[in-house]
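Peer 1: Below is the structure I would like to discuss, written out as structure tokens.
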Amino acid sequence: MTRHQKRLAVPNSWPVERKTQTFTVKAGAGPHGEDGVPLVVLLRDVLGYVDSTKEARYALNTDSVLVNGDAISDEQRPIGMFDILAFPVRGEYFRVFPDEGGRLALTPIDEESAGSRLGKVVNKTVVPGGDAQLTLHDGTNVRVDVDADYDTKDSIVIDNESKEIVAHFEYEEGALVTAVAGQHAGSIGTIETIDVTLGSGSNTVVVGDDGDGYETVEEYVVVIDENFTDDEDAAEAAAESDADEAGESDE
């Protein structure tokens, strides 16, 4: 198996420039599968906190970078949708969120919001012992009581410290969702209708937003809570602040 990753061949979700250099860092084994972005790419190419892989290794060895509440020392650790990236020493916290076009972006959040993360239930099975096991979009498995009212396509919120489920959002009409893939990736709205497709085709959903709304397959939407709309406001405010600072430096 090759240890190299050509930039032109990276998934569309990776926030990297494809034609500046030939190679980039290859993601290691871990959550999110092939869509996971190596942590060093976010530290170096997106945030600009380090200039090289060597600097990233040094920073990670100081336990100053947390992913979902855990200190990470592997610069190739895959980072993906809804992960929480925290820099306690800097007082900075980010949620990985799909931007327009499905490319992953870092949305600034506050310390309280960084204490938990969202996960979409993609599978539910009964395991030995009589419990049910929920498999989330990033590969995480969570055991719950077999009678617990969780279903596939629902979303749950997991506390990063206790690893317990602290909130549950059902996939249903009226639910707040975001599109995470397709041409509407990054759009937030409310499910107006869920249309069941007979046969093997995907069900479709009609989502109402601030515009004319849109229709997409249900695999492309994830149920979220109102905190995500607050994140959008925080991101816009941060962008405006950065623009103001850049303007002042040019004067």
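Peer 1: In vacuum, with every alpha carbon of the stretch 45-148 counted as one equal point scatterer, what does the Debye formula give for log10 I(q)/I(0) at q = 0.14, 0.15, 0.22 Å⁻¹? Two decimals, please.
Peer 2: -0.66, -0.73, -1.19
Peer 1: Can you give me the accessible area per residue for the stretch 87-172, using a 1.4 Å probe, in Å²?
Peer 2: On a per-residue basis, 52 Å².
Peer 1: Simple spin-label model, 7 Å along Cα-to-Cβ: GLU111 to SER202 in nm?
Peer 2: So the two model labels end up 4.0 nm from each other.
Peer 1: Highest mean first, how do 168-176, 190-198, 149-157 rank when packing is the count of other Cβ atoms within 10 Å averaged over residues?
Peer 2: 149-157, 168-176, 190-198
Peer 1: Let me ask you something else. Across the stretch 109-119, in residue order, what do the Karplus-derived ³J(HN,Hα) couplings come to in whole Hz, using 6.51 cos²θ - 1.76 cosθ + 1.60 with θ = phi - 60° and x for Gly and Pro?
Peer 2: 9, 8, 4, 5, 5, 6, x, 8, 9, 8, x
Peer 1: Amide H to amide H under 5 Å from HIS137: which residues, 5+ apart in sequence or cross-chain, H placed 1.01 Å off N in plane?
Peer 2: LYS120, VAL122
Peer 1: Let me ask something additional. What number in nm² do you get for the stretch 52-100 if you take the convex hull of its Cα atoms and divide its surface by four?
Peer 2: For the stretch 52-100, averaging the hull's shadow over all directions gives 3.8 nm².
Peer 1: Follow-up. Sorted by packing (mean other beta-carbon atoms within 10 Å per residue), highest first, where do 109-115, 179-185 land?
Peer 2: 179-185, 109-115
Peer 1: Let me ask something additional. Put a dot 7 Å past each Cα toward the Cβ at GLU161 and TYR49; how far apart are the dots in nm?
Peer 2: 2.1
Peer 1: May I ask you to compute the full-extension gain from GLU170 to VAL89, defined as 0.36 nm times their residue separation minus their alpha-carbon distance, rounded to one decimal in nm?
Peer 2: My answer for the length gained is 25.6 nm.
The values are calculated or read from the model by the stated rules, or taken from the named source; none is laboratory data. Since the structure is predicted, the reported quantities are computational estimates derived from the model, not experimental observations. For neighbour counting, all protein chains shown are included, and Cβ atoms are generated from backbone atoms with ideal geometry for every residue, glycine included. Heads up: the accessible areas ignore ligands, DNA and RNA and are worked out on the full protein's heavy atoms, side chains in. Shrake-Rupley method; radii C 1.70, N 1.55, O 1.52, S 1.80 Å.
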